[in-house]
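Peer 1: Next up is a structure, given as structure tokens.
The values are calculated or read from the model by the stated rules, or taken from the named source; none is laboratory data. What you are looking at is a predicted structure, and each value in this text was computed from that prediction instead of being measured. Backbone-built Cβ (ideal geometry, glycine too); neighbour counts: all protein chains shown. When the accessible area is computed, the model is the full protein with side chains, heavy atoms only, and any ligands, DNA or RNA have been set aside. Shrake-Rupley method; radii C 1.70, N 1.55, O 1.52, S 1.80 Å.
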Amino acid sequence: MSGNDAAETAKIEVWWDMNDCTIPEGYDARRVRSGIERAFEKLGYSGRVSITAYGDQKKTPCHVLRGLSSTGVAVAHTNSDSTRSVMYRDMVEWRDQNPPPATMMIISNQVEGDLTWDLARLQQRTRYHLFLAYSIKSSDDLLLVCYANWRWEQLLEEEEEGGTPPLVTCGLLSAAMFYCKSCNLDCQSMEKFRKHLSSYKHGLEVPQEAINPPDTQLLCVTKAWARTYPATSEHATAKIHVLWDMNDCPIPEGYDARRVRPSIERAVKEIGYTGPVSITAFADQKETPDHHLLALSSTGVDFAHTLFWVKYSRMITEFEEWTEDNPAPATIMIISDEVASSQYLSSLICRKLQESNYNCFLAYSVRPFEMPILLTSAEWLWDSLLAVSETKRHKCSSGSESVVESSGMFYCLLCICDCESLDDFKKHLSSKEHIHEDNIMNSHFQSAHRQRRLYKISNYHDEARYSPKTKRVREDNNDFLNTKVVNLYP
């Protein structure tokens, strides 16, 4: 993945955790900068590189500090346990002062947990080109979109053509600074810096990060953000596509299903969105009452028939296909409890929002226990969303809605079959071909659960390493080959 022209020539900021990614014994510290710069040059990035090295600098030899500062690398002293939180605080501050296009690089083994969660949400709003380096790869790498990543040793092994890296000279790089994050001190003299670290005054300081464990004190700035914002000019008239899980968010008893579309359209219009709205409802449609199918389809709602245990995979696939055909700016709306609350299920959507200028809405029947990983421009409770319509609880005297002719489409995602009428759709769902396909999928489901039970009996408990969370099943289906994603752990 290569950056666009503006990002490739923009500034590059590097945050380096020296505790995780150390300088090997005998390695020339002056080569660190040149190794990083050459790695970027190979990818076509030519912007000015700024590097700050974090760690307990009382443990760093003088010749290493001198080598780093001679090539313009800034050095920051932190308590060893607080490096992660201090680095992240500085990243957030830098982002506030340096809008895109720009590039970020994090050299650390601890890009995970709260840091990954918050940074992924930040990246959904302001998209920087992000690069990672580490000595040990994190297992929590599904959420962040990185343009490239390296092993730390790989960067250090880059050879400088032409000999020893040059020292800092006037006009080429800013003079390297030394910072004590515990005492809020900065200076340009290594001798003064070392003297401060051994001083009585520094010893008396009680850093806040030493009192509070840093991992639990990492400030997640996006937790304080609002969940609903007025439409921006670029998204106000753009397309809106709704993926609706009818099991998580069903139509209430007695509610006129024809009001679902106008309720959604009115809700988004109230916050400034007037673009065309398309809606696809996902469920085992054999369980959906005919009067709901007729009423919804009369307002242009499409139906996707799928089984409950692959429903979320089908919704994600629909999202992928829709974004391929509808480039940003555009808005995706997810109506689902599970997708809203599960980082695993929403990870692909999260990554797409970091890559492109898509907007995200969420609706759910129960507010998630934790803030979603998806950064939203609006959120609703399902009941309150339906209440936006003027006629919330309309009942027809016949007991079912009086509807006009269907205008929505009916899709069977198991058989890849499209129908334009409810009658054809119902006939398909009762056909031998569909029942055969249904039995195959149920067989895969049962097999997957048997594997899960066997796995639990085994001595291995590292699911990420020993048992995949998805299984790709490729099977011939008449004239085409269909790829199905089967969740082993729904």
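Peer 1: Just to check, using Stokes-Einstein with a Kirkwood Rh over alpha carbon pairs, what's the diffusion coefficient of the range 21-88 at 37 °C and 0.692 mPa s in µm²/s?
Peer 2: 253
Peer 1: Another question, then. Could you run the Debye sum over the Cα atoms of the range 1-132, one equal point scatterer each and no solvent, and tell me log10 of I(q)/I(0) at q = 0.09, 0.18, 0.19, 0.23 Å⁻¹, two decimals?
Peer 2: Here the Debye-derived log intensity ratios amount to -0.26, -1.04, -1.15, -1.50.
Peer 1: Compactness ratio of the range 242-384: Cα Rg over 2.2 N^0.38 Å, N = residue count?
Peer 2: Normalised Rg, Cα atoms only: 0.99.
Peer 1: Which value, in Å² and to the nearest 10, is the accessible area of TYR411 when all protein chains are kept and the probe is 1.4 Å?
Peer 2: 60
Peer 1: Please arrange LYS195, LYS352 by accessible surface area, largest first, computed with a 1.4 Å probe and ligands excluded.
Peer 2: LYS195, LYS352
Peer 1: Which order do the peptides 375-382, 14-21 take when ranked by the mean count of other beta-carbon atoms within 10 Å per residue, highest first?
Peer 2: The peptides rank, most packed first, as 14-21, 375-382.
Peer 1: To continue, here is another question. How large is ³J(HN,Hα) for each residue in the range 45-62, as worked out from phi by the Karplus curve 6.51 cos²θ - 1.76 cosθ + 1.60 (θ = phi - 60°), to whole Hz, x for Gly and Pro?
Peer 2: 9, 10, x, 5, 9, 10, 10, 10, 9, 10, x, 7, 6, 5, 9, 8, x, 4
Peer 1: Moving on. Given the whole protein assembly as supplied and a 1.4 Å probe, what does the accessible area of GLU287 come to in Å², nearest 10?
Peer 2: Solvent-accessible area, nearest 10 Å²: 140 Å².
Peer 1: Can you compute the label reach from GLU253? Point 7 Å from Cα along the Cβ direction, backbone N cut-off under 15 Å, restricted to the range 309-349.
Peer 2: So the set is empty, nothing qualifies.
Peer 1: First measure r as the distance between the Cβ atoms of ALA236 and GLN188, then evaluate 1/(1 + (r/R0)^6) with R0 = 51 Å and state the FRET efficiency to the nearest 0.05.
Peer 2: Once rounded, the FRET efficiency stands at 0.55.
Peer 1: I've got another one for you. Points 7 angstrom from Cα along the Cβ direction at PHE369 and TYR27: gap in nanometres?
Peer 2: The two pseudo-label positions are separated by 4.2 nm.
Peer 1: Leaving out ligands, DNA and RNA but keeping every protein chain, what accessible area does HIS436 have, in Å² rounded to the nearest 10, with a 1.4 Å probe?
Peer 2: Roll a 1.4 Å probe over it and HIS436 shows about 110 Å².
Peer 1: Rounded to a whole number of µm²/s, how large is the Stokes-Einstein D of the range 77-141 at 10 °C and 1.306 mPa s, given Rh as the Kirkwood radius over C-alpha pairs?
Peer 2: After rounding, the answer is 127 µm²/s.
Peer 1: Give me the percent relative contact order of the range 4-140, please, defined on Cα pairs under 8 angstrom at least 6 residues apart.
Peer 2: 32
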